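Here's the structure, in structure tokens; my notes come after.
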Amino acid sequence: MPTRYGGGARFKEARKKTGLKQKELAEVLGLSPAYLSLIETDRQPVSEPIAMKMQSLYGTDARWLLFGSTPRGEKSRLRQARDELGLKQKDMAAQLGISAMYLGLMERDEQPLSAPVAMKMQELYGFNAQWLLYGTNPRRI
């Protein structure tokens with residue numbers, strides 16, 4: 001029996017929200033329609049690069065595509081990084097180009113940490129975006 005990965009239904013739902021047919025989305029993502037079909041039928045996993053591309057192009061939360069829900073933990077990693085830097089919330093928010101309120105929501109896990117904010121943290125402070133988003137990879141680059 002083939003392995004079932006669990007992200008196919010979420011990916012199909014996300015594709016339908018784009019209004020694109022499988023063949024059209026496959027072309028946009030640089031995939032073959034057959035491979036996209038394998039993802040949607042859970043015979044191939046949703047890869048992180050594909051999930052990130054869906055997020056950047058269509059606003060679909062990559063973590064939702066990959067894991068089914070937004071994993072908890074952003075609060076502790078994001079807050080831990082800010083504490084390590086010795087920055088006040090308003091100062092860090094200003095450097096990241098976001099509001100202090102939005103940063104607070106992410107620190108309290110009321111809003112998922114966005115990939116652009118994680119990438120900006122990597123650029124400005126050297127914290128690995130993958131670590132901030134998923135808790136994987138080394139903490140610092």
Check: Within the range 124-138, how many residues are in contact (Cβ under 8 Å) with a residue 40 or more places away in the chain and buried (at least 18 other Cβ atoms within 10 Å of the Cβ)?
Finding: 6
Note to self: Yes or no: the range 103-112 includes at least one residue that is surrounded by fewer than 16 Cβ atoms within 10 Å (Cβ to Cβ), at positive phi and not assigned by TED's automatic domain parsing to the domain that holds Lys23.
What the structure shows: no
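Select from the range 14-25 the residues that are closer than 12 Å to Ile39 by Cβ and not small (Gly, Ala, Ser) and list them in ascending order.
Narrowing the range 14-25 to residues closer than 12 Å to Ile39 by Cβ: 14-15, 22, 25.
Residues satisfying the conditions are Arg15, Gln22, Leu25.
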Note to self: Can you tell me which of (1) modelled with pLDDT of 85 or more; (2) on the phi > 0 side of the Ramachandran plot is the one Arg82 doesn't meet?
What the structure shows: (2)
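Can you confirm whether Met121 is surrounded by 14 or more Cβ atoms within 10 Å (Cβ to Cβ), farther than 19 Å from Ser56 by Cα and not assigned by TED's automatic domain parsing to the domain that holds Thr60? Break it down into steps so the answer makes sense when it comes.
Values: surrounded by 14 or more Cβ atoms within 10 Å (Cβ to Cβ): yes; farther than 19 Å from Ser56 by Cα: no; not assigned by TED's automatic domain parsing to the domain that holds Thr60: yes.
No: the conditions fail for Met121.
The values are calculated or read from the model by the stated rules, or taken from the named source; none is laboratory data. From a predicted model like this one, the values you see are computed outputs, not experimental measurements. Glycine gets a Cβ as well: all are built from the backbone with ideal geometry, and neighbour counts include every protein chain shown.
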